[in-house]
Amino acid sequence: MVIRTLNIDSVEPFISKLHIPFKDSHKGQNGRVLVIGGSQLFHSASIWAAEIASYFVDIVHYSSTEENKEIFLSLKKKFRNGIVVSRNDLPSYIAEDDVVLAGPGMLRSDKYQIPNIKYQNWEQINKIIKESDYTYYLTKYLIENFPKKRFVFDAGVLQMMDKEWLKMLETPAVLTPHQGEFKMLFGVELSGLPLNEKEKVVCNLAGKYRCIILLKSVVDIISDGSATVVVEGGNPGLTKGGMGDILAGLTTAFYAKNEPFQSAVLASFFLKRTADVLFKHKGYWYNVNDIIERLPYILKAAVFDKR
């Protein structure tokens, strides 16, 4: 199935099933998400993911590195649309929130050089100093201890995790790799393959590892191992840093109250469609903040203005 951002009707089957807040909703009923990400080197990526999510769910909890106290304290000032939580308290937030996004801005290293240590509890993992080791063991902890939780895995987590861990999950995770991260995780080189071959590979691996893969590229490919959707649209303005973080955050927000495959398709579509609209006014010269500010208007027009 091919969806084109210039044709809003092509995505209507997915929009028609989108969760819309009920008029008598109470706080928390329209989604609670936890974003785990950032590092001493990259602290903006996870904030962008949390910011876009804050438009579409009731509560966003955000956890980043605490080793650099100045960065951590500044996050409390910068991220005003959610709640910054301590890493010490992560297990309770993981348990209570609808969806957990892990990975934006987290550090990686050679995962085959990670020391093989059997950590018994969260307190031990939380004391890991090397941030790439923390990425690895955090991901392992999430999957082993919360197999029924809805997860979105992105960036550093995709580069550090073992693909076999995905088979332990009882609820399918959404993965949002670019082609380089796809190769690091699955060991398959996609660059140079024709689109139809890429679709087959993505579909096969999504089915094998019981997950939803949102392969982000010039043309996005989304598959759950059974159904596959290709999303065409967007422009080179989306190559700027942070756009993948927006995609992960948006997918997470949708996944809080919608099906995972539907959430991935809608996130891909609305990011690219927003880029199309911005191009009319700014050409390629827009940034992450432009996307964050404009995307809710694009979604509103698609959901309400046609009805």
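The values are calculated or read from the model by the stated rules, or taken from the named source; none is laboratory data. Keep in mind that this is a model prediction, so the values were computed, not measured. Glycine also receives a Cβ, built like all others from the backbone with ideal geometry; neighbour counts cover every protein chain displayed.
Of the listed requirements (1) more than 24 Å from I59 (Cβ to Cβ); (2) touching a strand residue (DSSP E or B) at 6+ places or on another chain (Cβ under 6 Å); (3) among the aliphatic types (A, V, I, L, M), A227 misses just one: (2).
Restricting the search to segment 97-147, which residues are within 20 Å of V60 (Cα to Cα) and of a type in the set (D, E, K, R)? Break it down into steps so the answer makes sense when it comes.
Step one: filter segment 97-147 for residues within 20 Å of V60 (Cα to Cα), giving 97-106, 138-139, 142, 146.
Hits for segment 97-147 are D97, D98.
Does V174 count as β-branched (V, I, T), surrounded by fewer than 20 Cβ atoms within 10 Å (Cβ to Cβ) and within 20 Å of the chain's Cα centre (by Cα)?
Working: β-branched (V, I, T): yes; surrounded by fewer than 20 Cβ atoms within 10 Å (Cβ to Cβ): no; within 20 Å of the chain's Cα centre (by Cα): yes.
Judged against the criteria, V174 is not a match.
Filtered by the rule that a residue be in contact with an Asp or Glu (Cβ under 9 Å, 6 or more places away or on another chain), touching a residue at least 60 places away in the same chain (Cβ under 8 Å) and of a type in the set (F, W, Y), segment 214-272 gives Y255, F269. Restricting the search to segment 189-200, which residues are assigned to a loop (DSSP other than H, G, I, E, B), at pLDDT 95 or above and within 17 Å of D220 (Cβ to Cβ)? Correct list: L190, L193, P194. Suppose the filter is surrounded by 16 or more Cβ atoms within 10 Å (Cβ to Cβ), under 18 Å from the mean Cα position of the chain (by Cα) and of a type outside the set (G, A, S); does D98 pass it? Here the answer is yes, as D98 does meet what is asked.
Within the set P115, P104, P172, P147, the sole residue that is assigned to a loop (DSSP other than H, G, I, E, B) and in contact with a Lys or Arg (Cβ under 8 Å, 6 or more places away or on another chain) turns out to be P172.
Can you confirm whether R108 is buried (at least 17 other Cβ atoms within 10 Å of the Cβ), among the basic types (K, R) and in contact with a Gly (Cβ under 7 Å, 6 or more places away or on another chain)? So R108 fits the description; yes. Which of the residues belonging to segment 130-170 are of a type outside the set (K, R), touching a residue at least 60 places away in the same chain (Cβ under 8 Å) and surrounded by fewer than 23 Cβ atoms within 10 Å (Cβ to Cβ)? Across segment 130-170, the qualifying residue is only E131.
Would you say F186 is closer than 15 Å to D224 by Cβ and crowded, with 16+ Cβ neighbours inside 10 Å? Spelling it out, it is not the case that F186 is closer than 15 Å to D224 by Cβ and crowded, with 16+ Cβ neighbours inside 10 Å.
Given S263, S268, which one is touching a Phe, Trp or Tyr at 6+ places or on another chain (Cβ under 7 Å), within 17 Å of V11 (Cβ to Cβ) and modelled with pLDDT of 95 or more?
On the way: S268 fails: touching a Phe, Trp or Tyr at 6+ places or on another chain (Cβ under 7 Å).
Residue meeting the stated conditions: S263.
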